[in-house]
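Below: the structure, in structure tokens.
The values are calculated or read from the model by the stated rules, or taken from the named source; none is laboratory data. Quick caveat: nothing in here was measured; it's all calculated off a predicted structure. Every residue, glycine as well, gets a Cβ built from its backbone with ideal geometry; the counts of neighbours run over all protein chains shown.
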Ligand code: F6R
């Protein structure tokens, strides 16, 4: 989503802010801007990426503030890009989040004589600041924040005080200082070149940043110290390593991520799954609720199936944008599992806020243990993928899928529903599993062939059964988001209860066909679809009966144990989606209208 970076106390601050924005830009990339102080306040904005922002001339500035935008209110234009300035040109403001009451505020400010230049909700912040002129900066900040309804991380560069001010409510913001300079950013990755450690702000926190000094206060206005987090381990390698796109590179990084998880959590001698969670934490679970959005929700669907089947506990998955507004609450004894790659998805954070006062045990599965969601949870399981830059979640989905399987196994062990022999078998299969993913990746050329044929269609159904259904949902989401195909996933048997009416030559149907219990049923669906003349694309697992002429095109994927089959099919679908998007010449790593981390409602 939007990225924020600010620096005070360093010569050349504006250029350094642009460097910081470059490391955040993959999260929101429709427009950008920077403001800086060299006695006077200047600002420059551009539509598109940070490379469109050129700073010429000498660099005398020692304070600067920048932003990359993902539009919520107002079109993608230079006027709507941040920073926004007040009427007098004394303050520049950037904002991440949504101000729910901005129309009321704007009307009142307009009546007072303020002139607005953008259609954004954020611009009210600059004029509100201006309207509190005369008060000390911190007092101005407090008055401003009191007037806001909504979610925000705000940073303000004030010319008269040569200081930066920040405030945070439900959107991430980090600060840190050296002896001579102070820094702020919406993501610590932008601070890593300058600081060994940085501090995540809590909701209600607000601060003044001057060279080498941060005055930080909590929601009640009390001075507060927060624990700084070391930045050394943070993966900031924004590098395609020879691949044409981050997405393809990240799909190929999947086996390494899975192996990191397996080394941390699984042993064969003795056969053991150790999630490094206190025994009592898992023992309390009488049911499990998985919460997440988008791809993370699909991992939750898989997790709920694993828990029901292996641990024989009731389990459910809910999509967090819905759950945050639902009225139901977790029953007593529910372990709530929060799935979020970024750890900053506002819908998931809001769902968590709605139920946290009830005190359910909270487990987060995230790539960023120190993220907002990671910090709220009682315990965290780390995805261990390294940074994921492509907007489409790929390797992180596979890590989530593996971790929810391990969680189900751990719960099953504790409840005695999986015995020694079954655990030994599972651990042994797991330890060699990443090779199956490697073998899917070896078949990238074959995936490309299927994808090129599929890319000619605008409407696609994906059909699967049982454990493979979440993989079908995941494939459909990827085809939509990066290949712009209208793709829908269905339980195979469900298609004839209505959607069959859409079957014709121009509607492609993709089948996920694995050997075993559901094979006959899926072949039956394949016959029914084939008989109606719709083109059929079968992704078939080695060991299944060859669909032969029933399939317009077949892609074979390597065999895997039943529980791990969804991971194999998901990887194949990630590859196919990539190659469909490539055949359609689309901006794969930065699909239109999307952002890597959705920190607004
Ligand atoms: C799809 C995708 C999104 C995210 C969703 C949740 O490829 O990336 O659907 O999965 O926005 O994001 P996180 O996992 O960061 O909470």
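Considering only the range 247-264, I want to know if a residue exists there that is in contact with a strand residue (DSSP E or B) (Cβ under 7 Å, 6 or more places away or on another chain), within 20 Å of residue 388 (Cβ to Cβ) and within 16 Å of the ligand (Cβ to nearest atom). Lay out the reasoning, then the answer.
Start the filter on the range 247-264 by keeping residues that are in contact with a strand residue (DSSP E or B) (Cβ under 7 Å, 6 or more places away or on another chain), which leaves none.
No: zero hits.
Count, please, the residues in the range 309-335 that happen to be at pLDDT 95 or above, out of contact with any helix residue (DSSP H, G or I) (no Cβ under 6 Å at 6 or more places or on another chain) and closer than 23 Å to residue 477 by Cβ.
Of the residues in the range 309-335, 2 are at pLDDT 95 or above, out of contact with any helix residue (DSSP H, G or I) (no Cβ under 6 Å at 6 or more places or on another chain) and closer than 23 Å to residue 477 by Cβ.
Suppose we filter the range 59-99 for residues that are surrounded by fewer than 18 Cβ atoms within 10 Å (Cβ to Cβ) and under 20 Å from residue 191 (Cα atoms); how many remain?
So the count comes out to 0.
Name, by its number, the condition in (1) at pLDDT 90 or above; (2) closer than 21 Å to residue 23 by Cβ that does not hold for residue 102.
The number of the failed condition is (2).
Just checking, which of 406, 381, 365 is in the same structural domain as residue 266 (by TED's automatic domain parsing), in contact with a helix residue (DSSP H, G or I) (Cβ under 6 Å, 6 or more places away or on another chain) and more than 16 Å from the ligand (Cβ to nearest atom)? I'd like the intermediate steps shown before the answer.
Numbers: 381 fails: more than 16 Å from the ligand (Cβ to nearest atom); 365 fails: more than 16 Å from the ligand (Cβ to nearest atom).
When all the criteria are applied, what remains is 406.
All but one of (1) modelled with pLDDT under 95; (2) closer than 15 Å to residue 8 by Cα hold for residue 35; which doesn't?
Here residue 35 clears every test but (1).
One line per residue, one yes/no per condition, for (1) assigned to a strand (DSSP E or B); (2) in contact with a helix residue (DSSP H, G or I) (Cβ under 7 Å, 6 or more places away or on another chain); (3) modelled with pLDDT of 95 or more:
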residue: 130; (1), (2), (3): no, no, yes
residue: 134; (1), (2), (3): no, no, no
residue: 152; (1), (2), (3): yes, no, no
residue: 157; (1), (2), (3): yes, no, yes
residue: 167; (1), (2), (3): yes, yes, yes
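What are the residue pairs meeting all of these: first residue in the range 587-601, first residue within 11 Å of residue 389 (Cα to Cα), second residue modelled with pLDDT under 75 and within 12 Å of the ligand (Cβ to nearest atom), Cβ atoms under 7 Å, and 6 or more apart or on different chains?
Sorted first by the residue in the range 587-601, then by its partner, the pairs are 595/1; 595/27; 596/27; 597/1; 597/27.
Could you tell me whether the range 571-581 includes any residue that is surrounded by fewer than 17 Cβ atoms within 10 Å (Cβ to Cβ) and either within 27 Å of residue 245 (Cα to Cα) or modelled with pLDDT under 95 (or both)?
Looking for residues that are surrounded by fewer than 17 Cβ atoms within 10 Å (Cβ to Cβ) and either within 27 Å of residue 245 (Cα to Cα) or modelled with pLDDT under 95 (or both), one finds none in the range 571-581, hence no.
Is at least one residue of the range 517-536 touching a residue at least 12 places away in the same chain (Cβ under 8 Å), closer than 25 Å to residue 252 by Cβ and in contact with a helix residue (DSSP H, G or I) (Cβ under 7 Å, 6 or more places away or on another chain)?
no
Say we look at the range 265-288 and pick out the residues that are assigned to a strand (DSSP E or B), within 17 Å of residue 307 (Cβ to Cβ) and in contact (Cβ under 8 Å) with a residue 60 or more places away in the chain; which of these is nearest to the ligand (Cβ to nearest atom)? Talk me through it step by step, then tell me what you get.
Looking only at the range 265-288, we keep the residues that are assigned to a strand (DSSP E or B), and these are 266-267, 272-273, 287-288.
Those left that are additionally within 17 Å of residue 307 (Cβ to Cβ): 273, 287-288.
After this cut, where a residue has to be in contact (Cβ under 8 Å) with a residue 60 or more places away in the chain as well, the list is 273, 288.
On the way: 273: 23, 288: 18 Å.
Filtering the range 265-288 for residues that are assigned to a strand (DSSP E or B), within 17 Å of residue 307 (Cβ to Cβ) and in contact (Cβ under 8 Å) with a residue 60 or more places away in the chain, the one nearest to the ligand (Cβ to nearest atom) comes out as 288.
Going residue by residue through the range 212-219, is there one that turns out to be buried (at least 22 other Cβ atoms within 10 Å of the Cβ) and touching a strand residue (DSSP E or B) at 6+ places or on another chain (Cβ under 6 Å)? I'd like the intermediate steps shown before the answer.
Of the range 212-219, the ones buried (at least 22 other Cβ atoms within 10 Å of the Cβ) are none.
Among the residues of the range 212-219, not one is buried (at least 22 other Cβ atoms within 10 Å of the Cβ) and touching a strand residue (DSSP E or B) at 6+ places or on another chain (Cβ under 6 Å), which makes the answer no.
Could you list, ordered by first residue, the pairs with Cβ atoms under 6 Å in which the first is in the range 310-329 and on the phi > 0 side of the Ramachandran plot and the second is part of a loop (DSSP other than H, G, I, E, B) and surrounded by 14 or more Cβ atoms within 10 Å (Cβ to Cβ), at least 6 apart or interchain?
Pairs found: 312/417.
Here are 190, 207, 219, 198: which of them is without any contact (Cβ under 8 Å) to a residue 60 or more places away in the chain and touching a helix residue (DSSP H, G or I) at 6+ places or on another chain (Cβ under 7 Å)?
Values: 190 fails: without any contact (Cβ under 8 Å) to a residue 60 or more places away in the chain; 207 fails: touching a helix residue (DSSP H, G or I) at 6+ places or on another chain (Cβ under 7 Å); 219 fails: touching a helix residue (DSSP H, G or I) at 6+ places or on another chain (Cβ under 7 Å).
Just a single option satisfies the conditions, and that option is 198.
In the range 348-359, what count of residues is obtained for those that are surrounded by 24 or more Cβ atoms within 10 Å (Cβ to Cβ) and over 14 Å from residue 374 (Cβ atoms)?
Total meeting the criteria: 1.
For the range 290-329, what are the residues that are crowded, with 23+ Cβ neighbours inside 10 Å, under 24 Å from the mean Cα position of the chain (by Cα) and more than 23 Å from residue 394 (Cα to Cα)?
Those that are crowded, with 23+ Cβ neighbours inside 10 Å, under 24 Å from the mean Cα position of the chain (by Cα) and more than 23 Å from residue 394 (Cα to Cα): 315, 323.
Residue 52 passes all but one of (1) crowded, with 16+ Cβ neighbours inside 10 Å; (2) free of Cβ contacts under 8 Å to residues at least 40 places away in the same chain; (3) touching a strand residue (DSSP E or B) at 6+ places or on another chain (Cβ under 6 Å); which number fails?
Looking at each condition in turn, residue 52 falls short on (1).
Need the failing condition index for residue 435 against (1) surrounded by fewer than 24 Cβ atoms within 10 Å (Cβ to Cβ); (2) out of contact with any helix residue (DSSP H, G or I) (no Cβ under 7 Å at 6 or more places or on another chain); (3) modelled with pLDDT of 95 or more, just the number.
Only one criterion is unmet by residue 435, namely (3).
If only one of 463, 467, 477, 495 is in a helix (DSSP H, G or I), away from the ligand (no atom under 16 Å from the Cβ) and either modelled with pLDDT of 95 or more or under 18 Å from residue 555 (Cα atoms) (or both), which one is it? Before the answer, list the steps.
Values: 463 fails: in a helix (DSSP H, G or I); 477 fails: away from the ligand (no atom under 16 Å from the Cβ); 495 fails: either modelled with pLDDT of 95 or more or under 18 Å from residue 555 (Cα atoms) (or both).
Being in a helix (DSSP H, G or I), away from the ligand (no atom under 16 Å from the Cβ) and either modelled with pLDDT of 95 or more or under 18 Å from residue 555 (Cα atoms) (or both) holds for just one of 463, 467, 477, 495, which is 467.
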